[in-house]
1. Hey, does region 81-90 have a residue that's assigned to a loop (DSSP other than H, G, I, E, B) and in contact with a His (Cβ under 8 Å, 6 or more places away or on another chain)?
2. Any idea which of (1) within 18 Å of residue 192 (Cα to Cα); (2) in contact with a Pro (Cβ under 6 Å, 6 or more places away or on another chain) is the one residue 302 doesn't satisfy?
3. Of the residues 259, 265, 285, only one is crowded, with 17+ Cβ neighbours inside 10 Å and under 28 Å from residue 63 (Cα atoms); which?
4. Looking only at region 43-72, how many residues end up being touching a helix residue (DSSP H, G or I) at 6+ places or on another chain (Cβ under 8 Å) and either in a helix (DSSP H, G or I) or closer than 16 Å to residue 87 by Cα (or both)?
5. Would you say residue 95 is more than 20 Å from residue 123 (Cα to Cα), acidic (Asp, Glu) and either surrounded by fewer than 17 Cβ atoms within 10 Å (Cβ to Cβ) or without any contact (Cβ under 8 Å) to a residue 60 or more places away in the chain (or both)?
6. Pairs, please: C-beta under 9 Å, at least 6 apart or cross-chain, first residue under 16 Å from residue 73 (Cα atoms) and in region 156-172, second among the acidic types (Asp, Glu)?
7. What's the number of the condition residue 129 fails, among (1) of a type outside the set (Gly, Ala, Ser); (2) touching a residue at least 60 places away in the same chain (Cβ under 8 Å); (3) surrounded by 17 or more Cβ atoms within 10 Å (Cβ to Cβ)?
8. Pick from region 302-334 the residues that are surrounded by 21 or more Cβ atoms within 10 Å (Cβ to Cβ) and more than 19 Å from residue 253 (Cα to Cα): which of them is modelled with the highest pLDDT?
Amino acid sequence: MPVRLGRSDVRISRFGLGGAPLGNLYAPIDDDQALATVAAAWDAGVRYFDTAPHYGLGLSEQRLGRALREHDRADYVLSTKVGRLLVPATTAGDDMGHGFAVPATHRRRWDFSRDGVLRSIEQSLERLDVSTVDVVFIHDPDNHYRSALREAFPALAELRAQGMIGAVGVGMNQWEMLTDFVRETDMDVVMLAGRYTLFEQPALDVLLAECVDRGVSVIAAGVYNSGLLARARADAHSRYNYVRASPDVMRRANRIAAVCERHGVTLPEVAIQFPLGHPAVAGIVIGAATPEHVRDNMARMGAQVPARLWADLRAEGLLHHAAPAPTGPQVASR
């Protein structure tokens, strides 16, 4: 069943489609493939879709809006982000420096001011071709904490109070500053990328505990740690934290994989289900570039993971002793 985000009225499916690959992350895909990927997610029961202006300089938002146009707006949850305002570029080139295979028609300008937030949302609504979004995240405010706290969050909280958006959150790759936001604001949700996964759980003791205490939901992103856990075994091509994985990182990932194999399941099957065992985690978001990727991930969500596996991972020092495990297969709402 759909899960409520914090104290808001927004409810998401446990599995959400992440929009970065729709913005040509690392490699180009054509419009037909992007639309087919979203259609496959919808057919699989996914009703939560996440995107951002950052993803392909707005291309992800444009494609996602086009793909969802045929569906009733009330039938799905849509989130986007603020903090990087897109402004027209004056030089030619591509955007591969930021990881997206698109022409550099615009450049990103950090802007967490009230005006910047409102302008960013207005532009996102235009690209998405919708009149409202359900959730807005403050995106990667690592070097802009004060302005994000004092300007961006109050602006979003005001829109929430007016009923213009349903929920407010912050999305980051680190857990420490997210904890500060949880303590200092009345946000509904955090999107935590890569810091509560089968590979590592540094956010468990502090951030996730605070979220439980304060009624803040967590959406776990980066559950494969940038691809490290996306295949049965890590290899020389595996990425971790967006760069090539080191030998030590690969060794640890493959120790986890070996335990999974002893129990008749694969590393990706266990990785995709693990975050959902924590009571603070409302759902996960995973990007996909093809319909096959969507279907593979949905199959992994339904895999039967033996309860004994979690105990064995703890016994070998590969899992935090206090990390709760899922109690059964996690399937998306249909």
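The values are calculated or read from the model by the stated rules, or taken from the named source; none is laboratory data. This one's a predicted model, so the numbers in the text were calculated from it and none came from an experiment. Ideal geometry is used to build each Cβ from the backbone, glycine not excepted, and the neighbour counts take in all protein chains shown.
1. Of the residues in region 81-90, the ones assigned to a loop (DSSP other than H, G, I, E, B) are 83, 89-90.
Retained after the next criterion (residues that are in contact with a His (Cβ under 8 Å, 6 or more places away or on another chain)): 83, 89.
Looking through region 81-90, at least one residue is assigned to a loop (DSSP other than H, G, I, E, B) and in contact with a His (Cβ under 8 Å, 6 or more places away or on another chain).
2. (1)
3. On the way: 259 fails: under 28 Å from residue 63 (Cα atoms); 265 fails: under 28 Å from residue 63 (Cα atoms).
When all the criteria are applied, what remains is 285.
4. Qualifying residue count for the region: 17.
5. Working: more than 20 Å from residue 123 (Cα to Cα): no; acidic (Asp, Glu): yes; either surrounded by fewer than 17 Cβ atoms within 10 Å (Cβ to Cβ) or without any contact (Cβ under 8 Å) to a residue 60 or more places away in the chain (or both): yes.
In short, no.
6. Pairs found: 164/158; 165/134; 166/9; 166/134; 166/188.
7. (3)
8. Out of the qualifying residues, it is 330.
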